[in-house]
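The values are calculated or read from the model by the stated rules, or taken from the named source; none is laboratory data. No experiment lies behind these values; they were computed from the predicted model shown. Note that we place each Cβ from the backbone using ideal geometry, even for glycine, and neighbour counts take in every protein chain shown.
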Amino acid sequence: MSWAACENRYHDDKVFDACGLFGFIDTRGERHDGTAIATAIGCMAERGNGLGAGYAAYGLYPEFHEHYAFHVMCQSDQARSALDDYLRRHFAVVHDEPIPHRTVPGILDPPILWRYFLFPLSTQMVGRSEEDYIVHQVMTINTRLEGSLVVSSGKDMGIFKGVGHPDQIAEFYRIDEYGAYLWTAHNRFPTNTPGWWGGAHPFGLLDWSVVHNGEISSYGINRRYVEMYGYRCTMRTDTEVFAYAADLLMRRHALSPEIAAAVMASPLWNELEHMAPHQQALYRALRQTYGQLLMNGPFAIILARSGEMMGLADRIRLRPLVAAIKGDLLYVSSELSAVHLVEPRVDHVWMPQGGEPVIGRLGTRPSQSNAAGASTAMVSQEVSRV
Amino acid sequence: MSRDVAVARPLAPPRTEPVTVDARGMHYRDLNARLHELVRQGVESIAITGVAGQRYLGTSVQAPVRITIHGVPGNDLGAFMDGPYIEVLGDAQDGCGNTMNGGTIVIHRSAGDIVGHSMRGGKILVRGNVGYRVGIHMKEYASVRPVIVIGGTAQHFLGEYMAGGVMVVLGLGLAPGEPHPSRYVGTGMHGGVIYMRGAVSTTFLGKEVGLVPMEPEDEWLVQGLVRDFGAQFGLDPDPLISSHYVKLAPLTRRPYGRLYAY
């Protein structure tokens, strides 16, 4: 039986609406339990339809923070036993256990959920970096081990997701019992792709996670591009390509988040023509080098990795995104009401422009000017007063 | 000017006791059902407290009821409404006044994207800034002309595909001489008019609009709307009235007339 056959309770493959996003980082590194994030994403219930919800949390496993935490989904005991065997042959497993969960009305047929804390065996890495080895193994498991998926694979972080409403998924995974300094959340309303456990957001690889509202119209070319670098798209939806693009641009090619944002949501050509010469040169070079990672179409995303969170909307902002600051906390959300519900007295609220990243970093007190990356202000404009 | 836009029509003071509805934890369907029920009972003034993202508040209400909102209302506030006066004491989200037919929405802080989407009549006043595509596809018919007045400034694609109505953007909060940051204003616009106080960047203006000199008729129209805005928010309208305005109007009534038919 395929994953899709049992997971989509509505047995359709195409419905229409939007998704909800929420994320926050406490830049002091103070850990918050999952109550606030669940309340915030639950406020935007109208944005989802129960076919997917999930949470990513950073600073999650202090007791195992040096080891990669693999959250896995298996369809059957045989699949888990094959995966277990595979992992023990390719990694040193420090600890493993079922991911604790409660029985929740409405959460039907969950897969077997397990987590492994592990590190790569140097004898197996054959010259690869540790991270490249992890990427390779995650891709291998997700494409070759029938009935098993690795849904997150970073250190000191984890992704909890499934088919259900956000409050159900929060209850199911007991996220109120975890602490994290950075949380992101998603409320899914699948549009062009099926609602299934693996297809719920966030999507992750290493410590990257991404939640997404919208669609990537350029998915075909983006996917072919990341596949050239060894990434394999296995989740049957477009969003995962953001996670792989992030890993390629920011880890392997060591670009800053601001530059990665300019690749994924680049300025329009006509705006580029009005930039200062050195900026034109930079943005042209990015388009020439990474044109195939331009994410076209309507989107808003929250991308996170250890110590950093970035909100970004497409260059003409066809999906909503608001940002807010309260003291050391930076919030990014699809809707302002969700921010107000968990923090009624924010210091500052703004709506980032399309293509303008909102970045929160551990250890840097947030402000709009240091959260906003490449500003549109650098364009020289002709001003007219008739 | 024969057309009925500039005159504010404040509601008569409510004749019934104000009714307060606590919206905390309420689903929008229940909240809207309660609103409609109160309106049916003849209640003329309703305060909703603890609002947290409930959508479609006041949708399709067709009575001159006064609704005051405490908290952040959800998307499509006042959609299809015809007659109410809705006052939001803080910020509002996307799609306020979606396809509204008549009445007034007053927002004391900022509003999100597509404010006044396909608006057909009535008035929206926003004290702060607004997001993308505000006034998208607003339209007018005969003497019915919708109005949006924005106290702050607007993000991009203001008046996209605008087919009728009036928008005024006052730019309060911009530094002296600082142009509105709004790009692609009036993209696809083929009716209506936009007045922007101060300076407008022409580098990224929508292709379908032009800057047109202000005529006495325009001055008269803007004055009326600014006085109304000032009265609503307790601002002295005189400095705003004596300011310089840029008028943006469509270059053609049918910008895409030759796009599909040659």
Residues satisfying the stated conditions in segment A:160-174, i.e. closer than 16 Å to residue A:33 by Cβ and in contact with an Asp or Glu (Cβ under 8 Å, 6 or more places away or on another chain): A:170
Exclusive hit being assigned to a loop (DSSP other than H, G, I, E, B), of a type in the set (Ser, Thr, Tyr) and either surrounded by fewer than 22 Cβ atoms within 10 Å (Cβ to Cβ) or on the phi < 0 side of the Ramachandran plot (or both), set B:59, B:68, B:49: B:59
Segments classed as helices (runs of 4 or more DSSP H), wholly inside segment A:1-100, with at least 2 members that are modelled with pLDDT of 95 or more and surrounded by 17 or more Cβ atoms within 10 Å (Cβ to Cβ): A:35-43, A:77-90
Residues of segment B:149-187 classified as within 15 Å of residue B:124 (Cα to Cα), buried (at least 24 other Cβ atoms within 10 Å of the Cβ) and within 14 Å of another protein chain (Cβ to nearest Cβ), total: 3
Residue tally, condition buried (at least 23 other Cβ atoms within 10 Å of the Cβ), outside any loop (DSSP other than H, G, I, E, B) and away from chain A (no Cβ under 14 Å), over segment B:98-124: 5
Filter result for residue A:199 (over 26 Å from residue A:353 (Cβ atoms) and either in a helix (DSSP H, G or I) or aliphatic (A, V, I, L, M) (or both)): no
Checking residue B:137 against (1) closer than 22 Å to residue B:93 by Cα; (2) within 11 Å of chain A (Cβ to nearest Cβ), the condition it does not meet: (2)
Number of positions in segment A:219-257 that are part of a helix (DSSP H, G or I) and over 15 Å from residue A:301 (Cβ atoms): 11
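Each row is one residue, and each column tells you yes or no for (1) buried (at least 21 other Cβ atoms within 10 Å of the Cβ); (2) in contact with a helix residue (DSSP H, G or I) (Cβ under 8 Å, 6 or more places away or on another chain); (3) on the phi > 0 side of the Ramachandran plot; (4) at pLDDT below 95.
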residue	(1), (2), (3), (4)
A:236	no, yes, yes, yes
A:240	yes, no, no, yes
A:244	yes, yes, no, no
A:247	yes, yes, no, no
A:254	no, no, yes, no
A:261	yes, no, no, no
A:264	yes, yes, no, no
A:271	no, yes, no, yes
Elements of type strands (runs of 3 or more DSSP E) contained in segment A:303-365, each with 2 or more residues being touching a Ser or Thr at 6+ places or on another chain (Cβ under 9 Å) and under 30 Å from residue B:50 (Cβ atoms): A:308-313, A:322-326, A:329-333, A:348-350
Members of segment B:45-59 that are of a type outside the set (A, V, I, L, M, F, W, C), within 11 Å of another protein chain (Cβ to nearest Cβ) and in contact with a helix residue (DSSP H, G or I) (Cβ under 9 Å, 6 or more places away or on another chain): B:53, B:54, B:55, B:56
Any chance residue A:334 is touching a helix residue (DSSP H, G or I) at 6+ places or on another chain (Cβ under 9 Å) and at pLDDT 95 or above: yes
Any chance residue B:237 is more than 14 Å from chain A (Cβ to nearest Cβ) and either more than 19 Å from the chain's Cα centre (by Cα) or touching a residue at least 60 places away in the same chain (Cβ under 8 Å) (or both): no
Members of segment A:343-356 found to be more than 13 Å from residue B:113 (Cα to Cα) and surrounded by fewer than 23 Cβ atoms within 10 Å (Cβ to Cβ), listed by number: A:343, A:344, A:345, A:346, A:347, A:348, A:349, A:355
Of residues in segment B:127-178 being in contact with a Gly (Cβ under 6 Å, 6 or more places away or on another chain) and in a strand (DSSP E or B), the one nearest to residue A:322 (Cα to Cα): B:148
Only listed residue being part of a strand (DSSP E or B), buried (at least 17 other Cβ atoms within 10 Å of the Cβ), modelled with pLDDT of 95 or more and in contact with a Gly (Cβ under 6 Å, 6 or more places away or on another chain), chosen from A:169, A:159: A:159
Given (1) crowded, with 23+ Cβ neighbours inside 10 Å; (2) under 16 Å from the mean Cα position of the chain (by Cα), index of the condition residue B:195 fails: (1)
In segment B:16-30, residue farthest from residue A:341 (Cα to Cα) [restricted to those that are within 14 Å of another protein chain (Cβ to nearest Cβ) and touching a strand residue (DSSP E or B) at 6+ places or on another chain (Cβ under 7 Å)]: B:23
Hits in segment B:71-97 (condition: more than 12 Å from chain A (Cβ to nearest Cβ) and part of a loop (DSSP other than H, G, I, E, B)): B:78, B:79, B:80, B:81, B:89, B:96, B:97
Positions within segment B:240-254 being surrounded by fewer than 19 Cβ atoms within 10 Å (Cβ to Cβ) and away from every other protein chain (no Cβ under 14 Å), in sequence order: B:241, B:242, B:251, B:252, B:253, B:254
Residues within segment B:188-223 that are more than 9 Å from every other protein chain (Cβ to nearest Cβ) and closer than 20 Å to residue B:151 by Cβ, tallied: 11
Segment A:177-196, residues that are of a type in the set (S, T, N, Q) and closer than 19 Å to residue A:209 by Cα: A:184, A:187
Which listed residue is crowded, with 17+ Cβ neighbours inside 10 Å and at positive phi, from A:307, A:311: A:307
Residue count for segment A:269-295, restricted to those that are assigned to a helix (DSSP H, G or I) and away from chain B (no Cβ under 14 Å): 17
Residue check for residue A:124: in contact with a His (Cβ under 8 Å, 6 or more places away or on another chain) and either farther than 23 Å from residue A:209 by Cα or surrounded by 19 or more Cβ atoms within 10 Å (Cβ to Cβ) (or both): yes
Checklist (1) under 26 Å from residue A:318 (Cβ atoms); (2) of a type outside the set (S, T, N, Q); (3) part of a loop (DSSP other than H, G, I, E, B); (4) in contact with a strand residue (DSSP E or B) (Cβ under 6 Å, 6 or more places away or on another chain) applied to residue B:254, failing item: (4)
Filtered residues of segment B:215-252 (kept if under 19 Å from residue B:177 (Cα atoms) and touching a Phe, Trp or Tyr at 6+ places or on another chain (Cβ under 6 Å)): B:245, B:247
